[in-house]
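First up is the structure itself, then whatever we jot down about it.
FYI, it's all coordinate maths here, none of it is from the lab. Note that the structure is predicted; figures quoted are calculated from it, not measured. Positions of Cβ are generated from backbone atoms using ideal geometry, with glycine treated the same way; all protein chains shown enter the neighbour counts.
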Amino acid sequence: MTINVKTITLSIFAAIVLTGCHGSKGGNEFEIPENFDESKNIEITFWAKNDTNKTQTAIYNKAIEDFEKIYPNITVNMRLYTDYGKIYNDVITNISTNTTPNVCITYPDHIATYMTGSNTVVPLDGLFADERYGLGGSEVKFDSVRADEIVPEFLNECMIGDYHYAIPYMRSTEACYVNKTYVEALGYELPETLTWDFVWEVSEKAMEQNSDGTFKINGQQVMIPFIYKSTDNMMIQSLKQLGADYSDTDGNILLFNDSTKEILRTVAEHTKNGAFSTFKISGYPANFLNAGQCIFAIDSTAGATWMGSDAPLVDIAKDKLVDFETKVMTIPQYDPSNPKMISQGPSVCVFNKTDSQEVLASWLFAQYLLTNDVQIAYSETEGYVPVTLKAQNAPEYQDYIAKAGTDDNEHYQVKIDAAKLLMNNTENTFVTPVFNGSTSVRDAAGQMIENVTKAVRRKKTVDDKFIDDLYEEVKSLYHLDQASTGAANSSQKKDLGPLPFESVAFLCLLVIAWILIGTFAIKDKIKNKTK
């Protein structure tokens with residue numbers, strides 16, 4: 001057998017070039033079939049989250065039922081979860097066996113990790129623009145929303161790199177649910193926009209006690225004036241408001257900086273007197289608020305139905321409820337003239353399959369979740385906001401908003417006020433950079449506040465050394481040791497996850513090829529010497 005070394009080398013080089021040009025960021029663009037084959041029976045799986053809310057489950061079931069009437073050849077099998085983390089873990093587990101769902105309600109942070117698998121998640125830009133089956137497409141058999149009818153800020157949140165890998169489903173932000181009655185009883189008047197200084201000052205004032213050890217403001221043995229449910233959001237939004245670093249789109253982790261130290265010192269200062277605590281440490285903010293044991297309860301606008309004396313959903317006994325006026329306000333700000341608040345809420349992604357008809361059926365169902373019937377019905381269950389301008393401006397949704405306060409269930413004042421807060425501040429919202437590992441950075445941000453709060457309650461001293469040690473502890477805990485912690489270290493390696501099987505196979509073949517080249521080169525050399 002004769003082997004031309006030059007030919008092998010050129011072939012390998014060509015393979016490397018072709019491999020390097022292969023689509024990344026989740027795979028190649030999906031090739032849309034010429035037509036959707038409605039004579040073919042197709043089953044798709046839909047993974048969703050609903051917090052055990054029966055009304056939401058009914059909305060999903062109706063959406064599936066209505067969609068299957070429009071497309072009788074498509075069967076949608078739904079699997080419900082009570083936690084987004086469980087959806088994330090199951091998707092990751094199923095990627096290796098090619099058993100991912102077809103459509104999944106999830107978050108862009110999670111999608112960035114799904115995309116480490118080869119060609120796992122469908123890039124949607126081509127589907128968006130397709131004249132037949134895209135957004136508002138001519139061949140779509142229901143009233144499909146156009147791209148320009150989706151709130152642009154919400155649609156942009158679904159981009160990873162230069163492409164969209166999801167469509168928004170529902171959106172919320174965080175709100176501060178305030179016991180206005182207690183604030184005024186303490187001698188204060190609520191400002192138009194809450195500031196951190198105001199919240200801390202009122203919280204410290206509320207810690208004053210009677211001689212018998214009860215608190216003056218509520219006459220009870222318990223008072224935690226300020227409780228934050230999501231401490232990762234607390235840190236992220238505080239840094240954003242201060243114009244400080246957190247992370248960037250290249251995956252550099254910039255969280256461990258001097259501004260973070262100042263935030264942690266402030267948390268320690270106000271935890272010392274018992275003026276501040278967290279959900280993980282003390283419990284659900286709404287329970288304390290409704291019992292008159294909290295003044296500033298920060299939680300998602302989607303949690304508004306649990307907040308207030310007349311809340312339709314409460315987790316405490318009725319005889320523990322305290323009557324007070326609830327005010328829904330934006331989270332505390334460092335600069336009230338330039339408010340910043342996080343945008344959050346689920347999105348929908350579509351997973352790649354070998355059958356293009358199955359993928360197209362999945363995309364059609366994902367689109368159906370943006371129709372007015374689904375968007376308006378789901379948003380009315382909690383303080384969510386529809387992600388389409390079409391739904392927000394629909395007469396039935398405007399009527400729903402206008403009836404705020406007419407009852408304490410469907411039109412519960414606090415719930416609708418929470419939705420209006422986001423709609424009035426959409427331009428002030430932001431999202432954090434998305435990359436493989438961004439979920440860990442988010443967890444680390446919240447963990448530092450939790451650790452500082454616990455440490456102070458255990459009478460530990462929170463100083464520079466404590467915080468420096470905490471930085472190292474959290475980096476190790478969330479495997480951020482090898483990631484960049486600042487611009488000076490931006491060249492450090494990031495964890496991009498395992499290589500796809502095809503890449504591993506190619507590298508193995510490349511090594512074998514070079515071994516063969518070397519072997520034959522040595523043989524030729526020996527042969528020439530023996531001549």
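Here are the numbers:
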| read-out | value |
| --- | --- |
| Protection-proxy order for peptides 408-421, 260-273, each taking the mean of Cβ atoms within 10 Å per residue, highest first | 408-421, 260-273 |
| Of Ala366, His411, Tyr397, farthest towards positive along the dipole that unit charges on Lys, Arg, Asp, Glu beta carbons give the range 352-427 | Ala366 |
| Vicinal HN-Hα couplings computed from phi for the range 211-218 (Karplus, 6.51 cos²θ - 1.76 cosθ + 1.60; Hz; Gly/Pro x) | 5, 8, x, 7, 8, 4, 6, 10 |
| Per-pair calculated FRET efficiency, R0 = 35 Å: Asn424 and Asp258 via Cβ, rounded to 0.05 | 0.55 |
| Reduced Cα scattering model of the range 200-248, Debye log10 I(q)/I(0), q = 0.14, 0.17, 0.22 Å⁻¹ | -0.53, -0.64, -0.78 |
| Label-point separation in nm, Asp66 to Lys54, each point 7 Å along Cα→Cβ | 2.2 |
| HN-Hα J in Hz across the range 381-389 - Karplus 6.51, -1.76, 1.60, θ = phi - 60°, x for Gly and Pro | 6, 9, x, 6, 10, x, 8, 10, 5 |
| Mean Cβ count within 10 Å, highest first, over the residues of peptides 365-377, 40-52, 120-132 | 365-377, 120-132, 40-52 |
| For peptides 334-347, 278-291, sequence by mean Cβ density within 10 Å, most packed first | 278-291, 334-347 |
| Descending semi-axes in Å of the range 157-216, equivalent ellipsoid built from Cα gyration tensor | 41, 13, 11 |
| Top positive-direction residue, dipole computed over the chain with Cβ charges, set Pro168, Tyr88, Tyr334 | Tyr88 |
| Structure-derived semi-axes √(5λ) of the Cα gyration tensor in Å - corresponding label in [x] 49, 36, 20; [y] 48, 33, 17; [z] 40, 36, 21 | [y] |
| Calculated FRET value between Ala147 and Lys280, using beta carbons and R₀ = 35 Å, to 0.05 | 0.30 |
| Listed residues Val151, Tyr114, Ile217: farthest to the positive end of the dipole of the chain (Cβ charges) | Tyr114 |
| Angle in degrees between helix 258-272 and the longest Cα principal axis of the chain, rounded to the nearest 10 | 40 |
| Per-residue ³J(HN,Hα) for the range 361-378, Karplus 6.51 cos²θ - 1.76 cosθ + 1.60, θ = phi - 60°, Hz, x for Gly and Pro | 4, 5, 5, 4, 5, 4, 4, 4, 5, 9, 5, 4, 4, 6, 4, 5, 4, 5 |
| On Cα atoms only, tilt of 54-70 relative to the major axis of the chain in degrees | 40 |
| Degrees separating the helix 5-21 axis from the principal Cα axis of the chain, which is the longest one | 20 |
| Gain in span if fully extended, Thr97 to Asn273, counting 0.36 nm per residue against the direct Cα distance | 58.1 nm |
| Phe435 long-range amide H proximity, modeled H, under 5 Å | none |
| Spacing of the two label points (7 Å from each Cα toward its C-beta) at Lys403 and Glu201, in nm | 4.2 |
| Point-charge dipole on Cβ atoms (K/R +1, D/E -1) for the range 330-450, about Cα centre, debye to 20 | 360 |
| Stretchable slack from Glu450 to Leu242, in nm (0.36 nm times residue separation minus alpha-carbon distance) | 72.8 nm |
| Cα shape, the range 231-359, gyration tensor, a/c 1.5 rule | oblate |
| Inter-label distance for Thr75 and Asn338, nm, one decimal - labels placed 7 Å from Cα along Cα-to-Cβ | 5.7 |
| Lys, Arg +1 and Asp, Glu -1 on Cβ, resulting dipole of the chain about Cα centre, debye, nearest 20 | 2300 |
